[in-house]
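Engineer: Below are the structure tokens for one structure; questions will follow.
The values are calculated or read from the model by the stated rules, or taken from the named source; none is laboratory data. Because the structure is a prediction, the values reported are computed rather than measured. We place every Cβ from the backbone using ideal geometry, glycine too, and count neighbours over all the protein chains shown.
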Amino acid sequence: MSGRRVSGMQAWALQRITAVYLALYITYMIGFFIIAPPVSHDAWQLWIGQPHVSMAMLLFFGALLFHAWVGIRNILIDYIKPFGLRLTLLILTGLGLMACGAWSLEVVMSARIV
Amino acid sequence: MMTTKQRPIHLDLRRIRMPINAITSIGHRISGVLIFLLMPVGIFLLDLSLMGPDGFATVVALFNSFLGKAILLLLMWALMHHLLAGLRCISIDIHLGVEKPFFLKTARIVLLVAFPIAFLLWVAL
């Protein structure tokens, strides 16, 4: 029982910590695209290829995946009652998010190896 | 004798009464699911834009197409609603804005303000 409570508390904290980073990053990126949108492929790749930009972007994807996991998990647990269907959707969500994580890692790192 | 009122325990969205804060809250969930579903599309476009000048041009063309602009507007609403509703959630966590009139007022503000902000950003992008 206490284990479950701690787990819920961790999810709650994780959701808020990632939310703060996501809010700051997305605000910055919207501003970036409004003020100085990339003009060419070369400029875009050079920008992302900078260590601090790619690290911030990888951190963004990491935060997004954990944030999405907690959120979608809560929604599935609230609305999907049949256990088998709920478990299937939870597993598919988890696998999908992990695939997105691996894919985003590959894409961001590819911009650095030029 | 006092009888305990039978309270229904369910999350049937068609039977639940929806005050303004509930609409803001369900909007928080809907916008979250929308962003979740668009995530692979975003990674795909990022991948394509980094593949080379042709890929970059394709992504620019997609963003300038009617469908691209429509989806971007939807995404901007989802992002702004989710962001504002999330900030409201965190402020309530630290006991700011829990009192009833203010609680409902911030729910209304989040619900209504997300649209014009999203639209303005979409026009600026």
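Every residue, every condition in (1) basic (Lys, Arg); (2) surrounded by 15 or more Cβ atoms within 10 Å (Cβ to Cβ); (3) under 16 Å from B:LEU46 (Cβ atoms); (4) at pLDDT 95 or above, yes or no:
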{"site": "A:PHE61", "(1), (2), (3), (4)": "no, yes, yes, yes"}
{"site": "A:ASP78", "(1), (2), (3), (4)": "no, no, no, no"}
{"site": "A:CYS100", "(1), (2), (3), (4)": "no, yes, yes, yes"}
{"site": "A:SER104", "(1), (2), (3), (4)": "no, yes, yes, yes"}
{"site": "A:ILE113", "(1), (2), (3), (4)": "no, no, yes, no"}
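Engineer: Right, here's the next one. Within segment B:53-63, is even one residue at pLDDT 95 or above and assigned to a loop (DSSP other than H, G, I, E, B)?
Structural biologist: The answer is no, given that none of the residues of segment B:53-63 is at pLDDT 95 or above and assigned to a loop (DSSP other than H, G, I, E, B).
Engineer: Let me ask you something else. Quick one: is B:SER91 surrounded by 13 or more Cβ atoms within 10 Å (Cβ to Cβ), within 20 Å of A:SER104 (Cα to Cα) and hydroxyl-bearing (Ser, Thr, Tyr)?
Structural biologist: no
Engineer: Now for a different question. For segment A:48-72, name all the residues that are farther than 12 Å from A:VAL108 by Cβ and free of Cβ contacts under 8 Å to residues at least 40 places away in the same chain.
Structural biologist: A:HIS52, A:LEU65, A:ALA68, A:TRP69, A:ILE72
Engineer: Moving on to the next point. Can you tell me how many residues in segment B:102-125 are within 14 Å of chain A (Cβ to nearest Cβ) and among the hydroxyl-bearing types (Ser, Thr, Tyr)?
Structural biologist: The number of residues fulfilling the criteria is 0.
Engineer: I need the full set of residues from segment B:45-88 which are surrounded by 14 or more Cβ atoms within 10 Å (Cβ to Cβ) and of a type in the set (Phe, Trp, Tyr), in order please.
Structural biologist: B:PHE56, B:PHE63, B:TRP77
Engineer: Select from segment A:48-57 the residues that are more than 12 Å from chain B (Cβ to nearest Cβ) and surrounded by 15 or more Cβ atoms within 10 Å (Cβ to Cβ) and write down the one among them that is nearest to B:ASP12 (Cα to Cα).
Structural biologist: Within segment A:48-57, the match that is nearest to B:ASP12 (Cα to Cα) is A:ALA56.
Each row is one residue, and each column tells you yes or no for (1) over 14 Å from the mean Cα position of the chain (by Cα); (2) among the hydroxyl-bearing types (Ser, Thr, Tyr); (3) at the interface with chain B (Cβ under 10 Å from one of its Cβ atoms).
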{"residue": "A:GLY62", "(1), (2), (3)": "no, no, no"}
{"residue": "A:LEU65", "(1), (2), (3)": "no, no, yes"}
{"residue": "A:GLY71", "(1), (2), (3)": "no, no, yes"}
{"residue": "A:LEU76", "(1), (2), (3)": "yes, no, no"}
{"residue": "A:LEU92", "(1), (2), (3)": "yes, no, no"}
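Engineer: Could you please tell me which pairs satisfy a Cβ distance under 9 Å, a separation of 6+ or placement on different chains, a first residue in segment A:82-100 that is of a type in the set (Val, Ile, Thr), and a second residue that is in a helix (DSSP H, G or I)?
Structural biologist: The qualifying pairs are A:THR93/A:ALA68; A:THR93/A:TRP69; A:THR93/A:ILE72; A:THR93/A:ARG73; A:THR93/A:LEU76; A:THR93/B:PHE36.
Engineer: Would you check which residues across segment A:30-47 are surrounded by fewer than 16 Cβ atoms within 10 Å (Cβ to Cβ) and in contact (Cβ under 8 Å) with a residue 12 or more places away in the chain and list them?
Structural biologist: None; the set is empty.
Residue-by-condition table, conditions (1) within 27 Å of A:ILE48 (Cα to Cα); (2) at the interface with chain A (Cβ under 8 Å from one of its Cβ atoms); (3) of a type in the set (Gly, Ala, Ser); (4) not in a helix (DSSP H, G or I):
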| position | (1), (2), (3), (4) |
| --- | --- |
| B:GLY27 | no, no, yes, no |
| B:ILE43 | yes, yes, no, no |
| B:ILE71 | yes, no, no, no |
| B:LEU74 | yes, no, no, no |
| B:MET80 | yes, no, no, no |
| B:LEU96 | no, no, no, yes |
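Engineer: Sticking with this structure for a sec: List, please: which pairs have Cβ atoms under 8 Å, are six or more places apart or on different chains, and start with a residue in segment B:54-65 that is among the β-branched types (Val, Ile, Thr) and end with one that is surrounded by 15 or more Cβ atoms within 10 Å (Cβ to Cβ)?
Structural biologist: Partner pairs satisfying both residue conditions: B:THR58/B:LEU48; B:VAL59/B:LEU45; B:VAL59/B:LEU48; B:VAL59/B:SER49.
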